[in-house]
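None of the figures in this text is laboratory data; all of them are computed from the coordinates on show. Note that the structure is a prediction, hence the values are computed from the model and not measured. Glycine also receives a Cβ, built like all others from the backbone with ideal geometry; neighbour counts cover every protein chain displayed.
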Amino acid sequence: MTGRAGTRHAYRAGLLHMLADPCQAPAEQAFAYHQDGLLVVEDGHVAAFGAYTDIFPTLTSETPVTTFPGKLITPGFVDAHIHYPQVDVVAAWGSQLLDWLHTHTFPAEQAFADRAHADEAAAFFLNQLLRNGTTSALVFGTVHKTSVDALFDAALARNMRLIAGKVLMDRNAPAGLTDTVETGRADTEALIRAWRGRGRLGYAVTPRFAVTSSGAQLAMAGAVAAAHPDVLIHTHMSENLEEISRVGELFPDARDYLDVYARYGLVTPRSVFAHCVHASDDALRRMAAAGASVAFCPSSNLLLGSGLFSLKQACGCGVTVGLGTDIGAGASFSLPHMMGEAYKVGQLGGETLDPMHAFYLATLSGAKALRIDDKVGNLAPGKEADFLVLDFAATPLLARRAASAATVAEKIFILSILGDDRAISRTYLAGALAHSRDGA
Ligand code: GUN
Ligand code: ZN
């Protein structure tokens, strides 16, 4: 790596990151772990990752070394599906998807017509991501263009690698929350123009789902995405049985839910479909063939009673899977907690999720789904230095249990069941400290 020596900094701790999909690679080749490791960061990028004994002798004497005894450095987590305007509906009691949307979510989203409200919520939201160790996310705004301006302004100020979009929704929603084909197109195009190339931000064309967009609006979304090869497509699919039958009524000619999106050019290598709990093998294989990805949101699926996603089925069909919190249907910002929830969903479905596979979903696979794995997702030299310092002694129970872990995989599993934001000691964005649990 080239760069000014003054910006070089080394961090000594355990080091762990993923290199390959544990579904496909032998476990020992899927990750790299150094019990005593050294991460070298230069100009916001990873310059070296390896064993302390190998890397330290290559450093000049001026390179500062910060040591985190007993801690583990990992890449930042990637949240593959989350709604920033839903922070105020987390933990809403008593309903399933369609009722939950109308009773809790749509009223909360109406408040985002007000820029001051959006600014306050965006700041709270991003700070929650950082304190939970999430350094990248794919985020729903609301139908209001200004909701995305507020989020991007706040993410730019924090230098986060974040992808977001304005919701497209021209039917089956309250009047204050709908756009039209033309205003949806104009606002989406304006946001792409305004934010392209700024900081580490990206845009996602964001039709909410097939229930709330007309065919004409989905066609517009597909056309806008085709005209801008750098943007993602982000929507929901096959989450809830009532939703699926509603889509069948609205689009009677479509072969299945995926086909609705495919007809309008929305199934592409840049597409991320949240949930897919009830997707058939055939649909998952078509998604895989198109290079599209799934965001698995176990906390949301459990709380809304949507169903049990089968990771084994998705892997078998060859589709890329990221992990999403789906705040506010999901009830935690923590990707380690989602890893634990994914494990529990697997247990209920007779599938035992390997801890390193769960860690892969929360890091490198999420980055692949969001098409940012050339920049983040692990700590390979040259990537952006978005990393975490994890504290396995954050609570008495975690400390006691982690002390008896025989392997790093076992430690990661214990973290996924017992950990929360207290286990995130520090969060770094492009080599700069962005959150410290102790305020230091
Ligand atoms: N489907 C359409 N909109 C939403 C939403 O806001 N949350 C979830 N979980 N599913 C959806
Ligand atoms: Zn969602």
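Taking segment 144-157 as the range and being closer than 16 Å to His83 by Cβ and touching a residue at least 40 places away in the same chain (Cβ under 8 Å) as the test, the residues that pass are Ser147, Val148, Leu151, Phe152, Ala155. Of note, Val65 satisfies the criterion of being among the hydrophobic types (A, V, I, L, M, F, W, C) and either surrounded by fewer than 15 Cβ atoms within 10 Å (Cβ to Cβ) or on the phi > 0 side of the Ramachandran plot (or both).
Scanning segment 24-52 for residues that are more than 21 Å from Glu410 (Cβ to Cβ) and in contact (Cβ under 8 Å) with a residue 40 or more places away in the chain returns Leu39, Val41, Glu42, Asp43, Gly44, His45, Val46, Ala47, Ala48, Phe49, Tyr52. Listed by position, the strands (runs of 3 or more DSSP E) enclosed by segment 10-92 that each have at least 3 residues that are more than 30 Å from Ala116 (Cα to Cα) are 31-42, 45-51, 65-75.
Annotation for segment 348-367: at least one member residue is β-branched (Val, Ile, Thr) and surrounded by 21 or more Cβ atoms within 10 Å (Cβ to Cβ). When each of Leu397, Leu388, Leu379 is tested for being over 25 Å from Pro26 (Cα atoms), buried (at least 17 other Cβ atoms within 10 Å of the Cβ) and not small (Gly, Ala, Ser), the lone residue that passes is Leu388. Could you tell me which residue of segment 308-345 is nearest to the chain's Cα centre (by Cα), considering only residues that are within 14 Å of ligand 1 (Cβ to nearest atom) and of a type in the set (Val, Ile, Thr)? Here the answer is Thr325. Return the residues of segment 329-352 that are assigned to a helix (DSSP H, G or I) and aliphatic (A, V, I, L, M); say none if nothing qualifies. Correct list: Leu335, Met338, Met339, Ala342, Val345, Leu348. The residue that is farthest from Val321 (Cα to Cα), among those in segment 233-254 that are assigned to a loop (DSSP other than H, G, I, E, B) and within 10 Å of ligand 1 (Cβ to nearest atom), is Asn240.
Criterion applied to Asp230, Asp179, Asp187, Asp256 was being more than 16 Å from ligand 2 (Cβ to nearest atom), acidic (Asp, Glu) and over 26 Å from Ala154 (Cβ atoms), and the one residue passing it is Asp256. One residue is enough: does segment 295-314 have a residue meeting the conditions in contact with a Leu (Cβ under 6 Å, 6 or more places away or on another chain), under 20 Å from Met356 (Cα atoms) and within 16 Å of ligand 2 (Cβ to nearest atom)? Yes, that holds for at least one residue. Taking the listed residues Ala91, Ala164, Ala137, the one that is on the phi > 0 side of the Ramachandran plot, touching a residue at least 40 places away in the same chain (Cβ under 8 Å) and within 16 Å of ligand 2 (Cβ to nearest atom) is Ala91, with no other qualifying. Counting the residues of segment 402-433 that are without any contact (Cβ under 8 Å) to a residue 40 or more places away in the chain, surrounded by fewer than 18 Cβ atoms within 10 Å (Cβ to Cβ) and assigned to a helix (DSSP H, G or I) gives 2.
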